[in-house]
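Q: Starting off with a structure, shown below.
The values are calculated or read from the model by the stated rules, or taken from the named source; none is laboratory data. Worth saying up front: this structure is predicted, and the values here are computed from it rather than measured. With ideal geometry, Cβ positions are generated from the backbone for all residues, glycine too; neighbour counts draw on all protein chains shown. Surface accessibility is based on the protein's heavy atoms, side chains included, excluding ligands, DNA and RNA. Shrake-Rupley method; radii C 1.70, N 1.55, O 1.52, S 1.80 Å.
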Amino acid sequence: DNQYIGICSYEYEIGDYNLEDKILGVDIGRIKLFSSVIMNKDGTFSDEYINTKRSQNIEDKINRLYENKQILFNKIKAYENLNLTDESKYNTWKILYSNIRNKITNSKDYQSKIISNEIVQLALQNRCKTIHIENLSWLNSQGGKWNHSQIHSKIIEKASMYGIKVKKVSAYNSSKEHPITKEVGEVKDRTVKFTTGSIDRDLLASINL
């Protein structure tokens, strides 16, 4: 087809970033795009770190695209049910629908790069030697709007550039189990209640991870 496709291999040197024996626990979510805490060797942990406004704006854009996609899908199906597929509107909607699908794919790819960069930079600034993320082997290729697997892949790729290890850990009960007493709390909306008090469930998950 007269197009040349090539691969350019390269290597880079990993610098000395004075990483310490600290873990950045990260929970990828939907309400908060990510919630994270830094765990020190003695078991103490930092305040919660969440995604920036920049990555949230991309999420809002993706959600609007999904809404527009659904509207167009409903119009296309209505015309197909009425056998009006020869109408010019129908063909226009089909083209718009395809364009929106491509925009969603590109936006999710861009978002995964931005979020992974925020997480790795957070680990780097706090000299964390390791990042813990949840094991999503059960997810496989499912997910749809759920962009977690793609984000995880980007985190692993980006972290390797700075010599930061990424470990996948079990997320079982991570958003409702007390990290010390192991009590399984009562989930109410975004909060988990224990006999000793309550905590935001995303923050709890990042601590457990």
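Q: Output the residues belonging to segment 41-54 that are in a loop (DSSP other than H, G, I, E, B) and either open to solvent by 80 Å² or more (accessible area, probe 1.4 Å) or of a type in the set (G, A, S) (or both). Before the answer, list the steps.
A: Of segment 41-54, the ones in a loop (DSSP other than H, G, I, E, B) are 41-44, 46-48, 51-52.
Residues satisfying the conditions are K41, D42, G43, S46, D47.
Q: Go through segment 101-129 and count every residue that is in contact with a helix residue (DSSP H, G or I) (Cβ under 8 Å, 6 or more places away or on another chain) and of a type in the set (S, T, N, Q).
A: Within segment 101-129, residues that are in contact with a helix residue (DSSP H, G or I) (Cβ under 8 Å, 6 or more places away or on another chain) and of a type in the set (S, T, N, Q) number 5.
Listed here are the residues, each with its yes/no results for (1) open to solvent by 40 Å² or more (accessible area, probe 1.4 Å); (2) in contact (Cβ under 8 Å) with a residue 12 or more places away in the chain; (3) over 21 Å from Q150 (Cα atoms); (4) among the hydrophobic types (A, V, I, L, M, F, W, C).
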residue: D16; (1), (2), (3), (4): yes, no, yes, no
residue: L24; (1), (2), (3), (4): no, yes, no, yes
residue: S36; (1), (2), (3), (4): no, yes, no, no
residue: M39; (1), (2), (3), (4): yes, yes, yes, yes
residue: Q56; (1), (2), (3), (4): yes, yes, no, no
residue: L65; (1), (2), (3), (4): no, yes, no, yes
residue: A78; (1), (2), (3), (4): yes, no, yes, yes
residue: E87; (1), (2), (3), (4): yes, no, yes, no
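Q: Out of the residues in segment 14-34 meeting the condition of being among the small types (G, A, S) and modelled with pLDDT under 90, tell me which one is farthest from I207 (Cα to Cα).
A: Keep residues of segment 14-34 that are among the small types (G, A, S), which gives 15, 25, 29.
Filter once more, keeping what is modelled with pLDDT under 90: 15, 29.
On the way: G15: 28, G29: 14 Å.
Applying the filter and picking the extreme gives G15.
Conditions tested, residue by residue: (1) of a type in the set (A, V, I, L, M); (2) closer than 16 Å to R201 by Cβ; (3) in contact with a helix residue (DSSP H, G or I) (Cβ under 8 Å, 6 or more places away or on another chain).
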residue	(1), (2), (3)
Q150	no, no, yes
K154	no, no, yes
A159	yes, no, yes
G163	no, no, no
A171	yes, yes, yes
I180	yes, no, no
E183	no, yes, no
V187	yes, yes, yes
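Q: Counting only residues that are of a type in the set (G, A, S) and within 30 Å of K77 (Cα to Cα), which one in segment 97-127 is most open to solvent (accessible area, probe 1.4 Å)? Let's see the steps before the verdict.
A: Of segment 97-127, the ones of a type in the set (G, A, S) are 98, 107, 112, 116, 123.
Now restrict to residues that are within 30 Å of K77 (Cα to Cα): 98, 107.
Working: S98: 56, S107: 11 Å².
Checked segment 97-127; the qualifying residue most open to solvent (accessible area, probe 1.4 Å) is S98.
Q: Given the structure, is I180 modelled with pLDDT of 80 or more and open to solvent by 30 Å² or more (accessible area, probe 1.4 Å)?
A: On the way: modelled with pLDDT of 80 or more: no; open to solvent by 30 Å² or more (accessible area, probe 1.4 Å): yes.
It is false that I180 is modelled with pLDDT of 80 or more and open to solvent by 30 Å² or more (accessible area, probe 1.4 Å).
Q: Ok, one more. For the structure I just gave you, tell me whether E11 is open to solvent by 70 Å² or more (accessible area, probe 1.4 Å) and at pLDDT 95 or above. Show your work before the answer.
A: Numbers: open to solvent by 70 Å² or more (accessible area, probe 1.4 Å): yes; at pLDDT 95 or above: no.
So E11 does not fit the description; no.
Q: Is it the case that segment 95-105 has a residue that's assigned to a helix (DSSP H, G or I), closer than 21 Å to E157 by Cβ and within 15 Å of the chain's Cα centre (by Cα)? Before the answer, list the steps.
A: Going through segment 95-105, the residues assigned to a helix (DSSP H, G or I) turn out to be 95-105.
Next cut, closer than 21 Å to E157 by Cβ only: 105.
Of the ones still in play, those that are also within 15 Å of the chain's Cα centre (by Cα) are 105.
Within segment 95-105 (the criterion being assigned to a helix (DSSP H, G or I), closer than 21 Å to E157 by Cβ and within 15 Å of the chain's Cα centre (by Cα)), the answer is yes, since at least one residue qualifies.
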